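The values are calculated or read from the model by the stated rules, or taken from the named source; none is laboratory data. Computed from a predicted model, the values in this text were never measured in an experiment. Neighbour counts are summed over all protein chains in view; Cβ atoms, including those assigned to glycine, are modelled from backbone coordinates with ideal geometry. All accessible areas refer to the heavy atoms of the entire protein, side chains included, with ligands and DNA or RNA removed. Shrake-Rupley method; radii C 1.70, N 1.55, O 1.52, S 1.80 Å.
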Amino acid sequence: MVSGIIGKKIGMTQLFDSKGDVRPVTVLQAGPCVITQRKSANKDGYDAAQVGLVEFVKETRLSKAERGHLGKNDLAPMRTLKEFSIVVEAESEDGGKVGDKVLVDIFESDKFVDVTGTSKGRGFAGVVKRHKFAGGAKSHGSMFQISGSIGSSAFPSRVFKGMRMAGHMGTDQVTVRNLRILGIDKEENLLVVEGAVPGHKDALVYITKSKRPPRERRGFAGSTTVDPLKASKRQAAKKK
């Protein structure tokens, strides 16, 4: 089974759980996708599958190399391609062949996913916005958002690499791990996850099975909490 899928960020909304608490969620359009190439350990040194997002694309928008790559297997034009690893399950050892569909149901048995996207561009930002600097005093004509001195003049007479300064902010590849799955719509290929996902609306995202899912805390999943004060009183009553 393919470990991931290409999707798009539709937007954010909120849901109410069984306790009446509000949960912020992000709705993702997961697929539909098609396997465009299979990598094998014997031939390529590793097992993987190249997946393409099925959407309307003019053939003239693709390069000659892309048209040849897809036309070799009689596949429709696809602009977005991404390679995902293969997860071998006990039921089947086959990771799929070229032309097979990859839909949102690959996450049916999972509780958490990792989502990778491109963060929103913020342009040229200062140190307060970009690096969360506190700034200086805002009185007596102080320019509180200026970073100030960045190095010494005598020694070392240079600016160290990695100095946090003003500059371009955003448009970085960001991966948010362990987003809880709250709902799956197989008919519309929708995936509802709890929390925020990087990127603007209709931005491309890569959704994969969680590599390091969190451990479920014992005693918190659906069980009643124990009041320590009442428990201590019961123990004192038993001793008497």
Considering only protein heavy atoms, what per residue accessible area in square angstrom results for segment 97-240 with a 1.4 angstrom probe? 76 Å²
In debye to the nearest 20, the charge dipole size for segment 157-208, taken about the Cα centre with +1 at each Lys and Arg Cβ and -1 at each Asp and Glu Cβ, equals 580 debye
Give me, ordered by chain and number, the residues 5 or more places off VAL25 or on other chains with an amide H under 5 Å from its own placed amide H. THR13, GLN14, LEU15, GLY195
Using θ = phi - 60° and the Karplus relation 6.51 cos²θ - 1.76 cosθ + 1.60, list the HN-Hα couplings for segment 208-215 in order, rounded to whole Hz, with x at every Gly or Pro. 10, 5, 4, 6, 10, x, x, 6
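Given a 1.4 angstrom probe, I'd like the percentage of the accessible area of segment 31-94 that is carbon and sulfur, rounded to a whole number.
Carbon plus sulfur share of accessible area: 46 percent.
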The chain: most fluctuating residue of HIS168, HIS200, HIS140 per GNM, C-alpha cutoff 10 Å: HIS140
With all protein chains present, segment 119-203 has a carbon and sulfur share of its accessible area (1.4 Å probe) in percent of 52 percent
For n ≥ 4 DSSP H runs only, could you compute -39500 (n - 2.57) per run for the chain, divide by its residues and tell me the 222 nm figure to the nearest 500? -3000 deg cm²/dmol
MET169 - accessible surface, heavy atoms, 1.4 Å probe, Å² rounded to 10: 40 Å²
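Within 10 Å of each candidate Cβ there may be at most 15 other Cβ atoms; applying that plus a DSSP loop requirement, which trypsin sites (Lys or Arg not before Pro) in segment 42-75 survive?
Here the sparse-neighbourhood loop sites are LYS43, LYS58, LYS72.
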Mind running the shape call on segment 140-191? Use the C-alpha gyration tensor, a ≥ b ≥ c as the square roots of the eigenvalues: rounded below 1.5 for a/c, prolate if a/b tops b/c, oblate otherwise. prolate
Filter the chymotrypsin sites (Phe, Trp or Tyr not before Pro) in segment 1-74 to those in DSSP coil with at most 11 other Cβ atoms within 10 Å of their Cβ, and list the result. TYR46, PHE56
Name the long-range amide H neighbours of GLN37: under 5 Å, sequence gap of 5 or more, or other chain; modelled H, no Pro or chain starts. GLN50
In sequence order, what are the phi-derived ³J(HN,Hα) couplings for segment 127-137 according to the Karplus relation 6.51 cos²θ - 1.76 cosθ + 1.60 with θ = phi - 60°, rounded to whole Hz, with x for glycine and proline? 6, 5, 7, 7, 10, 6, 5, 6, x, x, 5
For the chain, size of Cβ-based charge dipole, Lys and Arg +1, Asp and Glu -1, in debye: 1700 debye
For the chain, shape from the Cα gyration tensor axes a ≥ b ≥ c, cut at a/c of 1.5 then a/b versus b/c, turns out oblate
